[in-house]
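Student: Below: one structure in structure tokens.
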Amino acid sequence: MGLEVASRRALEEVHSKECDARREAEATLAQLTEDYLAKVMEELMVDAELEGLELQYSGKVGELRDTKHKLDRKRLKKRGYKKLCHTLQTKVEAHADTIQHQRAELSKTETRFKEVERKYRALVEEADMEAGGRLREFSDRTRLELQVEIKGQDIQKLDRKANAMEETLVERASRVHELELEVEGLQAARDSAEQRSQNMDLDLDVAVLRVRSMISTFMDKKERYHLRTPNFSYRGGRLSKTPKSRSSRPKSRMDTPIPPVEEESELMETEEEAVAA
């Protein structure tokens, strides 16, 4: 009798413990299920956010390609401006040599004009002296005739030579002035082309820095979101949590590295040089 009561009490205790264990297991299972569903929802939200970031990434890649094309066009313009600067500099040097040559010729002409003028004055003085010596022997009428006879031809020749040299000097001075004006215009054009080239260099540097900052910001966001996405599995009535490896994730366009802008620009320059050759 006492053994039956003891066995019944033992069975009741075992049954109560089984009920308590079952309720505790059900409560734990419900809590784990809720946690699992919350994590799954969070992972779905993160996946949706990652999809949105992938779309933004594709858009940024398109923008980067457009920026690269713009940079290539600016680089081609810069090369054209450099060629134009070189051509203008060559023309300026040629015109400077021409001006220097014209100035040398002008100095030579001025020297010759001074020599002719000195000879002209010496001949005039000599003619005056000769005429004065002869005029003492003749009358006033004969003195005037001798002056006209002696000085007439030489003075007319020297006047013609002096007028021709003056015209030559005026023409050469006007030509030198025109060449100086042309050289000033070429120098102004060269300065403006150099200023444009410097402005394009600054625009290129600013665009490259902006692209690099955008790429670094996007890569930082991508790394943060990869670290925040664990993997949950529910097997055999138990919820297990294992970190998701980077190799098990399907590769997307975000995992492909972006080539640097400088390398792409160097490749484009190499291709353009090959095509030109």
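Student: Which one is farthest from Glu171 (Cα to Cα), of the residues in the range 85-106 that are among the aliphatic types (A, V, I, L, M) and crowded, with 16+ Cβ neighbours inside 10 Å?
Tutor: Leu88
Student: In the range 208-234, how many are modelled with pLDDT under 80 and within 13 Å of the chain's Cα centre (by Cα)?
Tutor: Residues in the range 208-234 being modelled with pLDDT under 80 and within 13 Å of the chain's Cα centre (by Cα): 1 in total.
Student: Separate question: Can we say Met41 is under 30 Å from Met214 (Cβ atoms), out of contact with any Asp or Glu (no Cβ under 8 Å at 6 or more places or on another chain) and either of a type outside the set (S, T, N, Q) or in a helix (DSSP H, G or I) (or both)?
Tutor: Considered against the rule, which asks whether it is under 30 Å from Met214 (Cβ atoms), out of contact with any Asp or Glu (no Cβ under 8 Å at 6 or more places or on another chain) and either of a type outside the set (S, T, N, Q) or in a helix (DSSP H, G or I) (or both), Met41 comes out as no.
Student: Looking at this structure, is Thr109 polar (S, T, N, Q) and surrounded by 13 or more Cβ atoms within 10 Å (Cβ to Cβ)?
Tutor: yes
Student: Tally time: how many residues in the range 69-128 are under 22 Å from Asp191 (Cα atoms) and among the aliphatic types (A, V, I, L, M)?
Tutor: 7
Student: Out of Leu44, Leu71, Leu11, which single residue is farther than 30 Å from Met200 by Cα and either surrounded by fewer than 10 Cβ atoms within 10 Å (Cβ to Cβ) or modelled with pLDDT of 85 or more (or both)?
Tutor: Criteria check complete, one pass: Leu44.
Student: Please work out which residue is farthest from Arg196 (Cα to Cα), limiting yourself to the range 41-75 and to residues that are of a type in the set (A, V, I, L, M) and touching a residue at least 60 places away in the same chain (Cβ under 8 Å).
Tutor: Val46
The values are calculated or read from the model by the stated rules, or taken from the named source; none is laboratory data. Worth saying up front: this structure is predicted, and the values here are computed from it rather than measured. We place every Cβ from the backbone using ideal geometry, glycine too, and count neighbours over all the protein chains shown.
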